[in-house]
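Heads up: the structure comes next, in structure tokens.
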Amino acid sequence: MRITTHMMMNNYRNDVEDAFSSMNKALQHTIDYRKFERPSDDPVAASQTFDVHWMTGLNNDYTANVTDQKATITTAEKVLQHVDKLLTNADTTDTLKAVNGDINSNNREVLANQLTDIRNEIVSQMNSMYSGNYLFGGSNDSDPPFQMKGDQLYYRGINVDTGKLEDGSKPKITLDQLTNEKTYVDIGLGIKVNKDGSINAQSAFDSAMPGISYIGYGVDADGNPKNVCSLLTKISNALKSSSNEDTLSTSELNNIQSYISTFRNSHDDLRNGQSAVGQKLQFLDSTSNYLTDVNLNLASKDNEVEFLSPYDAIESFYSQSYCYSSSLKVGNQVLQQSLMDYLK
Amino acid sequence: MSSTFDGLRIARSGVQASRDNLNITGQNITNSETEGYTRQRVDQSSLSPSEYGGFWASTGATCGDGVRAKGVTQLRDTFLDGEYRTQNAKDGESSDILNALYDMENIFTSTTTADSSSNSSAINVLNNEFGKLVSILESYTNKNASESNVREETKLLASDLNSAATALNTIREHQYSNFSENSVDNVNGFMKNIAALNQRIKAAEVAGSPVLELKDQRNLMLDKLSKYVGIHVEYTRQDAGAGQKVDNLSVSLADKDGNSLKPPFTLIDGNQFANFTVTRDGNNESGAASTKPFDITHVRLSGLSSDSGKTFGADSGLKNSDIKSGSFSGYLKLLNESGEYDTAAGNITTTARGIGFYSQLLDTISQSFARMLNQDNITEKGEQHGLLGGYDVNGDESFDLKDITAENIHIASTWTDGWLVKSKNPGTGKDDNTNASYSNIINIISDLKDKPVTLNTNLDGKSGVTILHDTLQKGFAGVATMLGEDANSMQVADTTNSQLLNNIHNDRQSVSSVSLDDEAVSIIQFSQSLNASSRFMTAVDECLQTIINNMGLTGRG
């Protein structure tokens, strides 16, 4: 094939431009170590990168949710420990254990007041807040869940013993339903919504802690209220209302002992509730560890799909710039010569 | 026996021919870098004896009459010219489409600037904003964000869709104006100039002059024309009177392989030329109203006219589908075609994914997004609180999906605090709130993340062509990746086209361009030939001197 000067110049120019532009691209890679500047450079890497970014975002959301929930539930745990202590205080040799036939009316008065004080403190503890929200209100965190009206305790407007509203009517939700109330938070378990619109319990974290599941509600087989505050009220009233000056009558004593026995059962129920809260915390801890691992994996995946190894980028740049310099040197020699240079 | 002054005549012809050759060599050398220049050669032949075969012709050792330079010819391969122009049209088409795809890509992706702790990151704008919306909803369920935060983030996402749609429209306007003003004007200019050149060349050829420089100019213009439309060039011998024949150039529209279309659409014929016009309106090519959400661009070609050009013949009947190659074809694909959106259900897509595909895809995504949020935001009484809406033909807010486009999607004007339905749990009594339950929001989050949607070319989600059946997030992220894939494959095609074009260009140059080495040898060759002829003339002159002045002078001392 006949090669003319013009062809050589043209091809040389095109080739030098190509070498320069490859070198420039390799230089760009050494600055930002990116595999692609825009998706058309490497559509597969781009698509994977965007997936990783999306999943990283979600993971960060879950981590934030878990951290917040841990703080809330840790606070709740502490409150319940305090309530546990109060119930224990109520059942010491100075108080409930001291109730027997010989207790005189002065002591009964003092004891009754002590019990009332403990009851009030329990109610106030169960109305604790964290970060501006009530801890034990179930799905209502903006109003105090427990209220004393006279000596009746109400939870969310419902009398904890009778299960009715203050005006005697039936509530829209029963106390039983309220203990099963759920407030779900997404921590990355893969939310599933059932056909009826409710959320599948395994697929999200239930942060609800309805107060009545810890301090009891309703009545037992003997007709005694199960709520510890109601029991303390009953015991206190029974102590104050006894007619005898020095002792309690047998029937009065039996009555009070019956309340005390139910009280001890309800205290056990509280402890069960506490361990359930402890389990929630453990679950959050292990989820938190898992999410940290996932975060690390995603970061390393992002590195893999979006970025080049520095070694590859630098090595590529050096070889491209070597190509470019040698094409410049060679060009100098090739382009000058022609027969014209040798004619006299 | 030859005549006395024959030798001188032969010598003179030799000197003249050598001088002509040297001049042409000089012409080649000085024009070696001129764009479009074809190297020239002198056509020379030896002359027979003048009285050859006549009654008084001499016989025996007769001699020819020297050399005659008949004319100058160009060394050019018209077949390669045709190949070049066909490939140039393909290259023009792919590079125009590629540039538009790059422009579109810039709308959907950007790169953050690197800070000292981390490398810069590629951001898929829609994917990013969608992720932020899910984040804010998660924070909302954890009481770390308010409803107005959620509203603002939704507004941002809607306005990202608005900006993307507007930017695509801007690109459409830009492409249309490039097409209907710059490109068409260039093409019409070329056709007019080529026709004018045709006239001059023909006149000069009739007069006997070869006008090779004008032919080079004409070929250059034909090359430039071929980038815009595929052309087929034909030379026909025409009778110019008095037994002379000259070439007539005609140019007609070609298909992808460089063959003229049947029936042919003539662009140039001798000194006559046609005129392209580009318009757009709301009708498709057959004249019926178009159902597309954008105007259709039409290319039309007039009949031929001579050089005044003020009135052109009747419409040649050209339709858009007759433009098969060149950047005109690229523009028509970008402006009129929408890929899957032009395809009936169950059929294979035969049109290209032009700007219309991406703008309609954004509309489909906007509608899916609005449908999902609006359907999920229903109160316990069953009332829908629409969150995202569009505008109807009267300019009123509408939640009807057919009124929602990427350009007009916006958050509902009724969205104030409390419009977003958090949960459908009733309280225990009239004074009980259920503020801590976000079951409806969790539902929305779950749908945004995981619910499969069908992005279909038809609003009902099934009777068109399905573009994507996946989560809504994949839809939002998918626009940039689809564009990336389309641009990437067009890049490969364009690079291939450029390489092929360059190869053909080299082949052409191999035949027609000037090699300085070649011309240097020619200089030596012809100057030696000139020396030799001059020497011969001197020798003949000496002979004649001897014959005339010194013959028959014996004894005169």
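General remarks:
- Any hit, region A:167-185, residues being in contact with a Pro (Cβ under 8 Å, 6 or more places away or on another chain), of a type in the set (Lys, Arg) and within 11 Å of chain B (Cβ to nearest Cβ): yes
- Qualifying residue in region A:125-142 (condition: assigned to a loop (DSSP other than H, G, I, E, B), of a type in the set (D, E, K, R) and either free of Cβ contacts under 8 Å to residues at least 12 places away in the same chain or surrounded by 15 or more Cβ atoms within 10 Å (Cβ to Cβ) (or both)): yes
- Looking only at region B:53-89, and only at residues there that are touching a Gly at 6+ places or on another chain (Cβ under 8 Å) and more than 16 Å from B:Met221 (Cα to Cα), the one that is modelled with the lowest pLDDT: B:Gly66
- Test: residue in region B:314-335 that is more than 27 Å from B:Gly258 (Cβ to Cβ) and in the same structural domain as B:Val184 (by TED's automatic domain parsing): yes
Residue-by-condition table, conditions (1) among the acidic types (Asp, Glu); (2) closer than 20 Å to B:Ala145 by Cα:
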site: B:His385; (1), (2): no, no
site: B:Gly389; (1), (2): no, no
site: B:Ile411; (1), (2): no, yes
site: B:Asp417; (1), (2): yes, yes
site: B:Lys422; (1), (2): no, yes
site: B:Lys430; (1), (2): no, no
site: B:Tyr438; (1), (2): no, yes
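- Given (1) more than 10 Å from every other protein chain (Cβ to nearest Cβ); (2) of a type in the set (A, V, I, L, M, F, W, C); (3) over 26 Å from B:Ser325 (Cβ atoms), index of the condition B:Leu500 fails: (3)
- Odd one out for A:Gln69 among (1) among the polar types (S, T, N, Q); (2) farther than 30 Å from A:Asp269 by Cβ; (3) within 11 Å of chain B (Cβ to nearest Cβ): (2)
- Residues satisfying the stated conditions in region A:14-66, i.e. within 11 Å of another protein chain (Cβ to nearest Cβ) and basic (Lys, Arg): A:Arg34, A:Lys35, A:Arg38
- For region B:502-553, a residue qualifies if it is under 37 Å from the mean Cα position of the chain (by Cα), of a type in the set (Ser, Thr, Tyr) and assigned to a helix (DSSP H, G or I), and the qualifying residues are B:Ser510, B:Ser512.
- Checking each residue in region A:73-93 for being more than 18 Å from A:Ile212 (Cα to Cα) and at pLDDT 95 or above picks out only A:Thr74.
- Whichever residue in region B:456-473 is at pLDDT 90 or above and in contact with a Lys or Arg (Cβ under 9 Å, 6 or more places away or on another chain) and, among such residues, is farthest from the other protein chains (Cβ to nearest Cβ): B:Asn456
- Conditions (1) surrounded by fewer than 13 Cβ atoms within 10 Å (Cβ to Cβ); (2) without any contact (Cβ under 8 Å) to a residue 24 or more places away in the chain; (3) assigned to a helix (DSSP H, G or I): number failed by B:Phe357: (1)
- Boolean, B:Lys143 is modelled with pLDDT of 95 or more, closer than 30 Å to B:His385 by Cβ, basic (Lys, Arg) and assigned by TED's automatic domain parsing to the domain that holds B:Ser446: no
- Within region B:475-487, the set of residues being crowded, with 20+ Cβ neighbours inside 10 Å and not hydroxyl-bearing (Ser, Thr, Tyr) comprises B:Gly475, B:Phe476, B:Ala477, B:Gly478, B:Val479, B:Ala480, B:Met482, B:Leu483, B:Gly484, B:Asp486, B:Ala487.
- For region A:286-300, the set of residues classified as under 11 Å from A:Met55 (Cβ atoms) and either without any contact (Cβ under 8 Å) to a residue 24 or more places away in the chain or touching a Pro at 6+ places or on another chain (Cβ under 8 Å) (or both) consists of A:Asn297 only.
- From A:Lys280, A:Lys240, residue being at pLDDT below 90, within 30 Å of A:Tyr214 (Cβ to Cβ), more than 14 Å from chain B (Cβ to nearest Cβ) and surrounded by 13 or more Cβ atoms within 10 Å (Cβ to Cβ): A:Lys240
- Annotation note: of B:Thr428, B:Thr466, B:Thr471, the sole residue that is within 34 Å of the chain's Cα centre (by Cα), farther than 30 Å from B:Asn31 by Cβ and β-branched (Val, Ile, Thr) is B:Thr466.
- Residue within region A:162-181 that is touching a helix residue (DSSP H, G or I) at 6+ places or on another chain (Cβ under 8 Å), in contact (Cβ under 8 Å) with a residue 24 or more places away in the chain and among the charged types (D, E, K, R) present: no
- Failed item, numbered, when B:Glu485 is tested on (1) within 12 Å of chain A (Cβ to nearest Cβ); (2) modelled with pLDDT under 95: (2)
- Filtered residue count, region A:211-237, keeping only those that are surrounded by fewer than 24 Cβ atoms within 10 Å (Cβ to Cβ) and under 21 Å from A:Gln279 (Cβ atoms): 1
- Among the residues of region B:100-115, those that are within 12 Å of chain A (Cβ to nearest Cβ) and within 19 Å of B:Asn178 (Cβ to Cβ) comprise B:Leu101, B:Tyr102, B:Asp103, B:Met104, B:Glu105, B:Asn106, B:Ile107.
- All of A:Asn200, A:Asn224 fail the test of being over 23 Å from A:Tyr134 (Cβ atoms), in the same structural domain as A:Asn104 (by TED's automatic domain parsing) and in contact with a Lys or Arg (Cβ under 7 Å, 6 or more places away or on another chain), apart from A:Asn200.
- Residue list for region A:89-106, restricted to those being among the small types (Gly, Ala, Ser) and not in a loop (DSSP other than H, G, I, E, B): A:Ala90, A:Ala98, A:Ser105
- Residue selected from region B:211-220 under the condition in a helix (DSSP H, G or I) and out of contact with any strand residue (DSSP E or B) (no Cβ under 6 Å at 6 or more places or on another chain), by the criterion nearest to B:Ala195 (Cα to Cα): B:Arg218
- For region A:160-184, a residue qualifies if it is surrounded by fewer than 21 Cβ atoms within 10 Å (Cβ to Cβ) and either touching an Asp or Glu at 6+ places or on another chain (Cβ under 7 Å) or under 23 Å from A:Ala64 (Cα atoms) (or both), and exactly one does: A:Lys182.
- When region A:1-13 is limited to residues that are touching a helix residue (DSSP H, G or I) at 6+ places or on another chain (Cβ under 6 Å) and in contact (Cβ under 8 Å) with a residue 40 or more places away in the chain, the one that is farthest from the other protein chains (Cβ to nearest Cβ) turns out to be A:Tyr12.
- Looking across region A:143-160, the residues that are within 11 Å of another protein chain (Cβ to nearest Cβ) and either in contact (Cβ under 8 Å) with a residue 60 or more places away in the chain or assigned to a loop (DSSP other than H, G, I, E, B) (or both) come down to A:Asp143, A:Pro145, A:Tyr155, A:Arg156, A:Gly157.
The values are calculated or read from the model by the stated rules, or taken from the named source; none is laboratory data. Here the structure is a predicted model, which is why all the values come from computation and not from measurement. When we count neighbours, we look across all protein chains shown, and the Cβ atoms used for this are built from the backbone with ideal geometry, even at glycine.
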